[in-house]
Amino acid sequence: MFLKEYINNIKTDNDFFKNKSWLNTESLIEHFEEKKIPSSASEEWKNFRTTELSQINWEIPKSNRENIINEEVKKIKNSIILRNGFFDSELSTFSDQDGINVNSIEAYLQKNPDFIKSLYNNPSKYAENRLSGLCDEKPTSLLSLNALLNNGIVVEIEAKKKISETINIVNASYSNKEDLLINPYIILICNDGSEVDIKEVYFNNNCWTNAFLEAYIEPSANLSFSRVQKSMNNSIKTASFNCHLKKDSKLNLKVYNRERSKEDIRIFLKEENACANVSGIVVSSAKEESDIFCKIVHEASLTNSDQKWRLLSAEKSKTSINGKIRVNKGAKKSNASFSSKSLILDKGASSFSKPELEILEDDVKCKHGAAFGEIDKNIVFFMQSRGIKKEDAIIMLVYAFINEISNTAKFFHDDVVKEVEKFFEKVNVNE
Amino acid sequence: MLEIKNLSVSVDGTDIINDLNLKVTKGRKIAIMGPNGSGKSTLSNIIAGKDGYKVKQGEIIFNNQNILELDPEERAASGIYLAFQYPVEIPGIANSSFLRTALNSVRKYNGHKELDTRAFLEECKLVSEKLGLDKSFLSRDLNSGFSGGEKKKNEIFHMLMMKPKLCILDEIDSGLDIDSLKIIAEGVAHYSSGENAMLIITHYQRLLDYIKPDEVHIFNKGTIIKSGDYGLVETLESKGYKEFI
């Protein structure tokens, strides 16, 4: 079934959503139809081309069975596998562990009916509240599309449980033919005092993956989350990460983003002492874009956030980061920082960094900085004069550039090193 | 070992080396002295293979091979080592990792197998102790946050580890305190043997007091204007360059 046909069915068939009764269908479909796929007219999307997304009549997969899984995915330990957006319990190597529960949204709601209030039902939930007073829903139209398209899963960590082994959420999106639209929808709940490491990886082949993740971190819980975009064959990814933190909770988010991929990150520090550390590596090659929008909202006092980004642009590509810090009225003694460094490998490559501060409270500390540069020829000559080949010297310097971010978590570092190796297989650095 | 024949070099249309002839034979220590801007550091960069210079005429022969067509890494692998006047900082790469990569690159080029990690670390320990370097020196990022003296010591540390045939020391004594100068000079003097040669670029007598060069050349406007033995250093120290320019 194609997207247009699907949307028509939603509008005409009352039974179409009988299994998604929690959805405010009318509101969501109205939002998507009115706002459409975001364009560069929105500040949040101006660095990522979406014309292709609008022009193609995307096909919606009926089930995960259309999907061919590659061997790499099968080998991943302790995995929760989503095949073309559908949870595959047979293929997942994750087995029920003490303290972790995985359910469909529908099943989760049956056990926890109050959770419906937290679900994405209202297009204004993640809308941009402009300083002018405008509630701008345009940038988040893809969230409504995602909510309409998939059922989704809920991963819940029980209160006070410390999960020792890293959980791997695998989004395997494969299509033999082109133009398939995949919509993973993941809700993550870390209950009071729990601790967990989660690694989310993406494999994309011939598709547009429009991922949507909502995380709820309850008081004193601790979530370490890394998101790595792996293979990206003839595909596009638009991913959204939305996280709500309560008192004394902590989020450590790491992101590896690559060409034809956009990350849309929104973090809400809702209660005292909530803390978010976000760091990421953004790479791009050929003529493609790799884009991050990251907004952290300080809603309560004594909240802390830190953003560190490394951007690497090769050939004629573009990398970009829009890092927004908003400190709401009442968020006294909050502390926020943003820094980005861009390394440009070729003359035709470019990078864009926009730190943005919206501070509505006194007595807060906020800082930001952005730096751009090329590989220093004097350093390369120094390395060559010690016997290191020019191309090897440049690769070493790139690793040195990203090490500060990747080295802080081994599992993230290992993935990033593999991905950067692949990056250098196709990028010629010896010009 | 090294012979520079009728070398003329320009940068952006400006002549910087003019019909230079210089011979460095095995076992010799050659000092090059000259006023600021005379082209001494440029000469060291040209020998090491830095981009951006236009060779108008001449040859640089190293061990019977014209090296002008070789990349800097190939020159390094054939045994040329340049100790930099201003060593670069590379945050994110540990000193020991860098050195090991450099040594293995040279070994690979010369058809030798990679270094044994244990043997490498043991040698690092021995050499660094000889130069009075702290253990942390190896694990710190390359020259990152090093003092001026530490950077220069690190250049000599790399030299002693890489065991080059021709050592070009570009103002290795600048910015050093007396104790550091002594340590570095002793390291250089200790390495100097009948199997290698030294090209020492400096402004000052004090380094040469330790190293005792076999030949001294005064450099100006991209060429040698006066040659002599160690006595020439003493003349320079008392009368300055104006006596010769």
Of A:Ile105, A:Ile395, A:Ile186, the one that fluctuates the most in a GNM where chain A has Cα springs shorter than 10 Å: A:Ile395
Dipole-positive endmost among A:His244, A:Asn191, A:Ile405 within chain A (Cβ charges, Cα centre): A:Ile405
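Going by average Cβ neighbours within 10 Å, how do the peptides A:77-89, A:128-140 rank, with the highest at the top?
Details: A:77-89: 21.6, A:128-140: 14.2.
Averaged packing, sorted descending, gives the order A:77-89, A:128-140.
Using 24 Å as the Cα-Cα cut-off, could you pick out the over-long pairs in A:Lys75/A:Lys418; A:Lys138/A:Lys333; B:Lys5/B:Lys113? Spell out each step's value before the answer.
Values: A:Lys75/A:Lys418 16 Å; A:Lys138/A:Lys333 32 Å; B:Lys5/B:Lys113 35 Å.
The pairs that break the limit, which is 24 Å between Cα atoms, are A:Lys138/A:Lys333; B:Lys5/B:Lys113.
Given R₀ = 45 Å, FRET efficiency for B:Lys212-A:Glu404 by Cβ-Cβ distance, to 0.05? Display every interim value, and only then the final one.
Numbers: r = 46 Å, r/R0 = 1.02.
Working from the Cβ atoms, E equals 0.50.
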Residue-span extension gain [B:Lys165 to B:Tyr204] - 0.36 nm each, minus C-alpha spacing: 11.6 nm
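Roughly how crowded by other chains is peptide A:397-410, in terms of the mean Cβ count from those chains within 10 Å of each of its Cβ atoms? Each step should come with its number before you reach the end.
Working: counts 3, 1, 2, 10, 2, 1, 5, 2, 0, 0, 1, 0, 0, 0.
Neighbouring Cβ atoms belonging to other protein chains average 2 per residue here.
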Sites A:Asp192 and A:Ser124 - FRET efficiency at Förster radius 35 Å, r taken between beta-carbons, to 0.05: 0.80
Top positive-direction residue, dipole computed over chain B with Cβ charges, set B:His158, B:Asn64, B:Leu199: B:Asn64
At q = 0.08, 0.11, 0.12 Å⁻¹, base-10 log of I(q)/I(0) for region B:8-165 (Debye sum, equal scatterers on each alpha carbon): -0.28, -0.52, -0.62
Within chain B: Cβ-based charge dipole about Cα centre, in debye rounded to nearest 20 (Lys, Arg +1; Asp, Glu -1): 280 debye
Distant-in-sequence amide H partners of A:Ser231 (H built 1.01 Å from N, under 5 Å): A:Asn204
In nm, spacing of pseudo-spin labels at B:Glu122 and A:Glu391 (7 Å Cα→C-beta vector): 3.6 nm
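What value, in deg cm²/dmol to 500, does the helix sum -39500 (n - 2.57) over DSSP H runs of n ≥ 4 give at 222 nm once divided by the residues of chain A?
On the way: 9 runs with 89 residues, N = 431.
Using -39500 (n - 2.57) per qualifying helix, the result is -6000 deg cm²/dmol.
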Calculated FRET efficiency for the pair B:Asp71/A:Asn78, C-beta based, R₀ 45 Å, to 0.05: 0.40
Cα point-scatterer Debye curve for the protein assembly as shown, base-10 log of I(q)/I(0) at q = 0.09, 0.11 Å⁻¹: -0.83, -1.04
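Per residue, how much space in cubic angstrom lies within the convex hull of the C-alpha atoms of region A:28-155?
Values: hull volume 22.0 nm³, N = 128.
Expressed per residue, the convex hull around the Cα atoms of region A:28-155 is 172 Å³.
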Spacing of the two label points (7 Å from each Cα toward its C-beta) at A:Thr166 and B:Arg107, in nm: 3.1 nm
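State, as an integer percentage, the relative contact order of chain A based on alpha-carbon contacts under 8 Å between residues 6 or more apart. Can you show the working numbers first?
Working: 1081 pairs, mean separation 40.8, N = 431.
With pairs under 8 Å counted, the relative contact order is 9 percent.
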Centre separation in Å (Cα based) which lies between region B:33-51 and region B:94-172: 23 Å
Among A:Ser92, A:Ser21, A:Ser320, residue whose mean-square fluctuation peaks in a GNM of chain A (springs only between Cα atoms under 10 Å): A:Ser21
Surface/4 estimate of mean projected area, convex hull on alpha-carbon atoms of region B:27-120, nm²: 8.7 nm²
Separation of the B:Thr25 and A:Phe17 label points, Cα + 7 Å toward Cβ, nm: 9.4 nm
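Nearest 20 debye, what's the magnitude of the dipole of region A:361-431 about its Cα centre given +1 on Lys and Arg Cβ and -1 on Asp and Glu Cβ?
Details: 10 positive and 14 negative charges, 81 e Å.
That gives a dipole near 380 debye.
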Virtual paramagnetic centre 7 Å along Cα→Cβ of B:Val11, amide N under 14 Å, in region B:189-232: B:221-222
The protein assembly as shown - charge dipole about Cα centre, Lys and Arg +1 at Cβ, Asp and Glu -1, debye rounded to 20: 620 debye
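Which entries in the list A:Lys74/A:Lys199; A:Lys18/A:Lys199; A:Lys35/A:Lys199; A:Lys20/A:Lys125; A:Lys160/A:Lys199; B:Lys26/B:Lys226 go over 27 Å, if you measure between the two C-alpha atoms of each? Could the numbers behind the result be given before it?
Values: A:Lys74/A:Lys199 16 Å; A:Lys18/A:Lys199 33 Å; A:Lys35/A:Lys199 32 Å; A:Lys20/A:Lys125 19 Å; A:Lys160/A:Lys199 20 Å; B:Lys26/B:Lys226 22 Å.
Exceeds cut-off: A:Lys18/A:Lys199; A:Lys35/A:Lys199.
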Other protein chain Cβ atoms within 10 Å, averaged over every residue that makes up B:80-92: 4
Fraction in percent of alpha-carbon pairs per bin - 10 Å, region A:3-45: 24, 47, 21, 8
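Please report, to one decimal in angstroms, the Kirkwood hydrodynamic radius of region A:291-418 built from all distinct Cα-Cα pairs. If you can, show how the numbers build up before the last one.
Details: mean 1/r = 0.0608 Å⁻¹.
Radius from the Kirkwood sum: 16.5 Å.
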Relative contact order %, region A:57-156, counting alpha carbon pairs below 8 Å whose residues are six or more apart: 26 percent
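Shape call for region A:172-248 from the C-alpha gyration tensor, a ≥ b ≥ c root eigenvalues: rounded (a/c under 1.5), prolate (a/b greater than b/c) or oblate?
Numbers: a/c = 3.84, a/b = 2.74, b/c = 1.40.
It comes out prolate by the Cα gyration axes.
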For A:374-384, mean number of other protein chain Cβ atoms within 10 Å: 6
Where a label projected 7 Å from the Cα of B:Glu3 along Cα→Cβ would reach, residues of region B:42-74 with amide N under 13 Å: B:59-67
If the convex hull is drawn through the Cα atoms of region A:86-225, its volume per residue in Å³: 135 Å³
Choice from A:Ile388, A:Ile163, A:Ile402 showing the highest fluctuation, given a GNM over chain A with Cα pairs closer than 10 Å: A:Ile388
Principal axis dimensions, largest first and in whole angstrom, of region A:160-296 by Cα: 46, 24, 21
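Mean projection of the alpha-carbon convex hull of region A:240-298 over all orientations, in nm²? Working shown, then result.
On the way: hull surface 14.3 nm².
Taking the Cα atoms of region A:240-298, their convex hull projects to 3.6 nm² on average.
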Between 0 and 90°, nearest 10: helix B:95-109 axis offset from chain B longest Cα axis: 70 degrees
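Do you know the relative contact order of chain B, to the nearest whole percent, from alpha carbon pairs under 8 angstrom that are 6+ apart?
Details: 434 pairs, mean separation 71.6, N = 245.
Relative contact order for chain B comes out at 29 percent.
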Fraction in percent of alpha-carbon pairs per bin - 10 Å, region A:217-334: 15, 43, 27, 13, 3
Hydrodynamic radius of region B:93-233 per Kirkwood, over alpha carbon pairs, in Å: 16.4 Å
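Read the figures in this text as sums done on the coordinates, not as results from a lab. This one's a predicted model, so the numbers in the text were calculated from it and none came from an experiment. All Cβ positions, even for glycine, are placed from backbone atoms using ideal geometry, and neighbour counts span all protein chains on display.
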